[in-house]
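J.: Let me give you the structure first, and then I'll get to my questions.
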Amino acid sequence: MTKIISPVKSVEGAARVSAAGADELYVGVRLSGLRFMSYSGRKAACCLNDYDELAEACRLAHSYGTEVNLTANLPFMSDLLTPVVKSYLKNSIAAGVDALIIADMGTLLLVRDMGIDLPIYASSYFVARNLESIYFLQKLGVTRLICSPDSTLDEIRDLVERSPIEVEAFVHGEGCSNVGGNCYLLHSQRPKQYAPYDDAPASPIASQPGEDTSLVSISDRIPCLFDYETHRLTEDGEVGPPENIPIMDSFSFCSFCFVHELVEMKVGGMKIVGRCASEDFQERTTRHYRQLVDFAKARDLEGTKEEIQTLRRQSPELMKLCTNKRCYYAPWSGAERETFEIPFADKKLRVLPVIQVGAAKTFSTVANEELQDSRVR
Amino acid sequence: MDFTVQAEHPPALRQALQSNCDAVRYGADLCELKLLNDGQMREFLKNLNDSGKSFGYVCPRLPQQLFPIVERHLAMINDETIKPIKVITNDWGVLNQLAEGKYPKLVPYLGRQLISIPHRGRPSMADLMGGESWFKRMAVEKVGGLIFDKTNLHFKPTLKFLKEQGVRGAEIDWVPKTFGEMKELAAGGFQFSVHLGLVIVAVVRRCHTARYFDEPIPHSCSKPCFKTAFLLKHEIFGELYMDGNTIFALYEPTAKEMRQLTASKASELVITMGSMTKIQTSEDINQRIASIKSLMKL
């Protein structure tokens with residue numbers, strides 16, 4: 001069965017995505033005393049506030065038959081963190097979580113040493129793209145692989161067919177350009193005291209109502225979408241003239257049109273990204289994917305087409321994603337991308353012009369800011 | 001400490017072999033599309049036993065469809081070599097095969113993509129974390145050591161497990177604050193290499209350079225990155241370099257940093273060839289080695 005796996009950052013979110021049809025949700029909990037970091041692979045503001053909230057989120061989710069996966073997926077572990085991570089795992093298990101998402105080998109070993117008897121899901125940060133890597137993780141107790149978001153449909157299909165453990169794929173939101181766990185461009189807020197950001201507004205993501213507002217929003221936006229002053233360097237080391245382009249942007253966002261293929265290949269789960277997004281975004285995307293998965297299971301291609309075309313009409317930001325070909329599973333570059341026809345297109349859909357850089361026509365910049373803001377709304 | 005040159009293609013291999021370096025690593029650690037073909041491997045194998053240099057083989061992370069290529073390379077090296085050869089792997093699957101003893105003459109080392117170091121962060125995570133409460137104690141006031149200076153190898157169960165898998169060492173970026181932390185690992189018999197002047201900031205599979213040149217990745221690539229790198233500037237992230245599918249921060253080592261590195265007992269200093277580092281020929285390599293050696297004497 002293909003499950004829908006939804007992001008959550010609040011009790012309200014847990015209730016809303018469960019009601020909207022999530023089979024599983026995933027969530028982290030703040031570490032006491034930290035306003036910025038967490039052990040959940042996201043900033044503290046994108047986590048539940050405490051273990052009481054986690055217990056309530058579990059209770060609500062379970063009442064809908066939705067399972068709760070704890071994100072313990074910071075891709076880093078050290079002796080210094082042992083008491084923190086042990087306490088995080090123990091308290092979360094006591095609160096009722098059903099599975100753990102882990103991103104570091106040390107954390108996997110710690111879970112094993114603690115004798116924890118819950119399903120273990122290997123985060124995409126392990127970047128396991130072949131069967132031998134899966135065998136390696138399986139020996140460490142992993143029961144599900146979360147594929148790297150830069151996997152192709154063919155690669156996912158191959159792994160689903162041959163893997164001894166369940167395989168999950170990403171489908172929506174923040175399909176970041178870089179390899180997970182190997183990106184150190186911090187998606188961070190900038191401390192307000194740093195010029196020239198001292199007059200910038202408070203971060204809408206990091207600053208919850210009534211909380212500290214000393215972090216500003218300059219870097220809430222995702223670094224791989226920024227424009228960079230880009231200079232080519234020749235073989236002789238000569239520096240070319242500057243071009244301001246989003247050279248790091250291969251960001252993908254959406255898989256609505258590929259749901260039926262993913263269901264057909266029997267992928268174990270479809271992960272929606274967006275723990276830092278609004279509850280509205282979390283609920284809305286869950287509902288749409290639920291609908292599309294149900295159409296796919298019923299082999300109702302007409303229903304899928306109608307649903308996607310309706311979504312495009314009702315959601316301008318989605319239209320912009322489509323016209324920029326920001327699909328997880330569209331071809332990456334070259335002629336194949338250029339000639340790729342957006343699935344389920346109607347006559348209203350036109351591909352937007354893109355910036356021609358070098359030989360490429362793949363550096364689309366239209367709507368980058370709107371794309372990112374759509375997560376917060 | 002050995003001076004090792006990392007060569008990603010045959011012309012670079014030839015230059016490295018002619019240079020004064022102590023060791024040569026062949027292969028690319030960051031890009032699956034730079035995997036060597038069998039002919040290129042045979043040129044490497046010809047030199048394996050009688051060139052007077054040490055050798056290593058480097059492999060990147062691998063999708064399933066390319067895994068058999070590396071399996072073939074490992075078998076070729078294992079059959080040909082008369083002495084143990086380092087395999088620097090960035091893929092857990094390759095480590096799995098080496099750990100299972102499939103290639104007894106090959107010795108696994110962890111590549112830099114498998115090593116986490118908080119100090120790679122741009123902007124500095126330590127700066128951002130300065131105001132945290134108990135984290136501040138670990139980060140700033142040195143209770144139990146500086147957490148941002150550690151790597152994911154600084155967790156005893158991880159290190160023990162890796163040693164049980166036969167892993168003899170690992171490689172790290174040019175992060176001088178971490179050199180001192182590596183000393184305790186080296187004292188325990190776990191070797192480490194350092195990439196001279198380079199810090200990985202981000203790696204991408206949908207390669208930015210390939211897209212710039214409209215290469216039809218992931219199916220094929222003519223590898224324009226062998227001739228062209230990019231300099232990137234941004235108000236938040238400062239000056240970065242893009243070499244193929246990887247964003248780097250680049251540093252010119254100082255005498256103090258070289259002293260820290262020597263004191264940390266690193267086993268290897270890895271020199272990367274290419275447009276970004278401006279090291280293309282054996283002469284370039286020799287000049288780089290000479291300049292580093294003179295820095296070490298200061």
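J.: Points 7 angstrom from Cα along the Cβ direction at B:Asp22 and B:Thr254: gap in nanometres?
T.: The answer from the label model is 2.6 nm.
J.: Give A:Lys271/A:Lys305; A:Lys86/B:Lys156; B:Lys160/B:Lys183; A:Lys9/A:Lys43; B:Lys83/B:Lys105; B:Lys227/B:Lys278 a once-over and call out the pairs whose C-alpha atoms are over 18 Å from each other.
T.: The answer is A:Lys271/A:Lys305.
J.: Further question: Set the Förster radius R0 to 51 Å, insert the Cβ-Cβ distance between B:Asn37 and A:Glu229 as r into 1/(1 + (r/R0)^6), and round the FRET efficiency to 0.05.
T.: 0.90
J.: Related question: How far, in nm, would the chain grow between B:Arg14 and B:Lys102 when pulled straight, counting 0.36 nm per residue and subtracting the alpha carbon separation?
T.: 28.7 nm
J.: Okay, next question. Using the crude model of +1 on Lys and Arg Cβ and -1 on Asp and Glu Cβ, and no other charge, please compute the dipole size for the protein assembly as shown relative to its Cα centre, in debye to 20.
T.: 900 debye
J.: Then there's this: Hey, fewest Cβ within 10 Å first, where do B:Asp29, A:Asp346, A:Asp98, B:Asp2 land in order?
T.: A:Asp346, B:Asp2, A:Asp98, B:Asp29
J.: While we're here: Along the positive direction of the dipole of the protein assembly as shown (beta-carbon charges: Lys, Arg +1; Asp, Glu -1; about the Cα centre), which of A:Val27, A:Thr286, A:Thr323 reaches farthest?
T.: Sorting the options by dipole projection puts first A:Val27.
J.: Compute the distance from the alpha-carbon center of the range A:266-299 to that of the range B:64-87, in whole Å.
T.: 42 Å
J.: Please list, short to long, the whole-number percent of alpha-carbon pairs of the range B:145-298 in consecutive 10 angstrom bins beginning at zero.
T.: 10, 32, 32, 22, 4
J.: Place +1 on the Cβ of every Lys and Arg and -1 on the Cβ of every Asp and Glu in the protein assembly as shown, take the dipole about the Cα centre, and give the residue among B:Ala186, A:Leu225, A:Ser163 whose Cα lies farthest towards its positive end.
T.: After comparing all options, I get B:Ala186.
J.: OK, next. How much length is gained on full extension from B:Asn78 to B:Gln165, taking 0.36 nm per residue of separation minus their Cα-Cα distance?
T.: Gain on extension, B:Asn78 to B:Gln165, equals 29.5 nm.
J.: Over chain B, calculate the relative contact order: mean separation of alpha carbon pairs under 8 Å at least 6 apart, over the residue count, as a percent.
T.: About 20 percent, as a whole number.
J.: Starting from the Kirkwood radius over alpha-carbon pairs of chain B, derive D by Stokes-Einstein at 37 °C in a medium of 0.692 mPa s and give it in µm² s⁻¹.
T.: This corresponds to a translational diffusion coefficient of 165 µm²/s.
J.: Oh, and also: Roughly how many nanometres apart are two label points built 7 Å out from the Cα toward the Cβ at A:Arg313 and A:Asn49?
T.: Those two pseudo-labels are separated by 4.2 nm.
J.: Highest mean first, what order results for A:78-90, A:47-59 on Cβ atoms within 10 Å?
T.: Averaged packing, sorted descending, gives the order A:47-59, A:78-90.
J.: 7 Å from Cα along Cα→Cβ at both A:Asp280 and A:Ser32: what's the point-to-point distance in nm?
T.: Result: 3.6 nm between the two label points.
J.: Given a cut-off of under 8 Å on Cα pairs at least six residues apart, what relative contact order in percent is computed for the range A:1-85?
T.: 31 percent
J.: For A:Ile116 and A:Lys297 in one chain, what is 0.36 nm times their gap in residues minus the Cα-Cα distance, to one decimal in nm?
T.: Result: 61.7 nm gained on full extension.
J.: Within the range B:242-265, whose backbone N sits under 17 Å from a point 7 Å along Cα→Cβ of B:Leu298?
T.: From the range B:242-265, the list is B:251-263.
J.: What do you get when you divide the Cα radius of gyration of the protein assembly as shown by 2.2 N^0.38 Å, with N the number of residues?
T.: Expressed relative to 2.2 N^0.38 Å, the Cα Rg reads 0.93.
We did not get these values from a lab; they are worked out from the coordinates using the rules stated. None of these values were measured; they are calculated from a predicted model. Every residue, glycine as well, gets a Cβ built from its backbone with ideal geometry; the counts of neighbours run over all protein chains shown.
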